[in-house]
Amino acid sequence: NKWTFGIITKGDRNEWMEEMITAIRAQKIPEYEIIVCGTYFDRKEQDFKYIPFVDRDDKGWITKKKNLIGREAKYENLCILHDRIVLDKGWFNGVKKYGNAFDLLCNKQTLRGEGIRAGDWLTYGYGTLDSPYGISELRYDDWDKYVYMGGQLSILKKSVWEKCPWNETLYWGEEDVELSFRFRDSGFLIRFNEYS
């Protein structure tokens with residue numbers, strides 16, 4: 001019942017940001033906070049905190065932004081989002097159904113209005129997708145040691161983040177697999193929540 005939501009942004013999707021913040025508030029979570037890091041504005045609202053940060057935006061220094069959110073988070077449950085992910089209305093009910101016993105979680109993700117899967121439960125181990133990166137989608141009831149959590153939606157415990165923060169020498173497009181494998185090698189498992 002206590003969550004920190006962090007959103008990273010470069011300031012070019014303010015309409016989506018409004019929709020994201022509205023969707024978070026609509027979850028009716030008993031205790032939560034929203035932290036936005038990047039180029040945005042301070043909304044001066046009780047549940048909101050703004051961390052201005054524009055360093056190396058041209059390179060996509062999202063690892064730094066995510067770590068800044070982790071440092072500021074006051075709750076153990078963290079959900080860090082890129083400024084293009086909108087929670088559906090049943091997200092929190094699905095989290096409650098899954099339970100609070102997790103290190104890291106992935107959720108179902110679909111393209112808006114199309115119902116097409118969008119990078120929600122992936123492995124770097126097979127290379128069966130038509131992709132130059134060796135990426136494959138896993139069945140929702142499957143798991144393998146090469147599972148990785150796509151960075152657009154990162155759900156994790158703050159205590160896990162403290163032991164395995166984002167590697168700030170990496171930029172957008174470089175960080176997801178490295179971090180996921182470091183989680184795994186440190187004994188933290190990425191699970192899939194089919195209910196959210």
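Read-outs: derived from the displayed coordinates by stated rules, not from any lab. Since the structure is predicted, the reported quantities are computational estimates derived from the model, not experimental observations. For neighbour counting, all protein chains shown are included, and Cβ atoms are generated from backbone atoms with ideal geometry for every residue, glycine included.
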Task: R0 of 22 Å, Cβ-Cβ distance LEU189-PHE48: FRET efficiency to nearest 0.05 - done: 0.10
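Which value, in debye to the nearest 20, describes the size of the charge dipole of segment 104-196 about its Cα centre when Lys and Arg Cβ atoms bear +1, Asp and Glu Cβ atoms bear -1, and nothing else is charged?
Details: 11 positive and 15 negative charges, 72 e Å.
So the dipole magnitude of segment 104-196 works out to roughly 340 debye.
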Open item on the list: Test of understanding: what is the full-extension gain from ASP88 to ARG182, defined as 0.36 nm times their sequence separation minus their Cα-Cα distance?
Closed with: 30.9 nm
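Working from the pairwise distances between different alpha carbons, so that the mean of 1/r is found and then inverted, what is segment 15-104's Kirkwood radius in Å?
On the way: mean 1/r = 0.0699 Å⁻¹.
Result for segment 15-104 stands at 14.3 Å.
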Open item on the list: Contact order normalised by length for the chain, with contacts defined as Cα pairs under 8 Å and 6 or more residues apart; what percent is it?
Closed with: 25 percent
Open item on the list: On a straight-distance basis, which aspartates and glutamates could pair with LYS74 in a cross-link, Cα separation under 13 angstrom, same-chain partners fewer than 8 positions away excluded?
Closed with: GLU31, GLU33, ASP47, GLU162
Task: Karplus 3J(HN,Hα) series, Hz, for segment 156-167 with 6.51 cos²θ - 1.76 cosθ + 1.60 (x for Gly, Pro) - done: 7, 7, 4, 5, 6, 4, 4, 8, 9, x, 4, 7
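Going highest first, how would you order 117-124, 85-92 by mean Cβ packing within 10 Å? Provide the component values of the computation, followed by the final result.
Values: 117-124: 19.2, 85-92: 16.9.
Going by the mean number of other Cβ atoms within 10 Å, highest first, we get 117-124, 85-92.
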- [ ] List, in the order given, every pair from LYS49/LYS96; LYS10/LYS145; LYS108/LYS163; LYS2/LYS65; LYS10/LYS158; LYS59/LYS96 whose Cα-Cα distance in the structure shown is over 31 Å.
- [x] LYS10/LYS145; LYS59/LYS96
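Using r as the Cβ-Cβ distance of ASP141 and ALA118, and R0 as 25 Å, what FRET efficiency do you calculate, to the nearest 0.05?
Values: r = 19 Å, r/R0 = 0.76.
The value I calculate is 0.85.
Where the only charges are on Cβ atoms (+1 Lys, Arg; -1 Asp, Glu), what is the dipole of the chain about its Cα centre, to the nearest 20 debye? Before the final figure, lay out each step's value.
Working: 30 positive and 32 negative charges, 119 e Å.
Around 560 debye, computed over the chain.
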- [ ] List, in order, the whole-Hz ³J(HN,Hα) value for each residue of segment 25-31 obtained from phi through the Karplus relation with A = 6.51, B = -1.76, C = 1.60 and θ = phi - 60°; use x for Gly and Pro.
- [x] 5, 5, 5, 6, 6, x, 9
- [ ] Could you check what % of the DSSP bridge pairs in the chain are antiparallel, to the nearest 5?
- [x] 35 percent
Open item on the list: Can you tell me how segment 48-144 classifies by the Cα gyration tensor, rounded, prolate or oblate, using a/c under 1.5 as the rounded cut?
Closed with: oblate
TODO: Using amide H atoms built 1.01 Å from N in the peptide plane, name the residues 5+ places from ASN77, or on other chains, whose amide H lies under 5 Å from its own.
DONE: THR4, LYS158
TODO: Give me the aspartates and glutamates in straight-line cross-link reach of LYS97: C-alpha distance below 13 Å, same-chain residues under 8 apart excluded.
DONE: GLU194
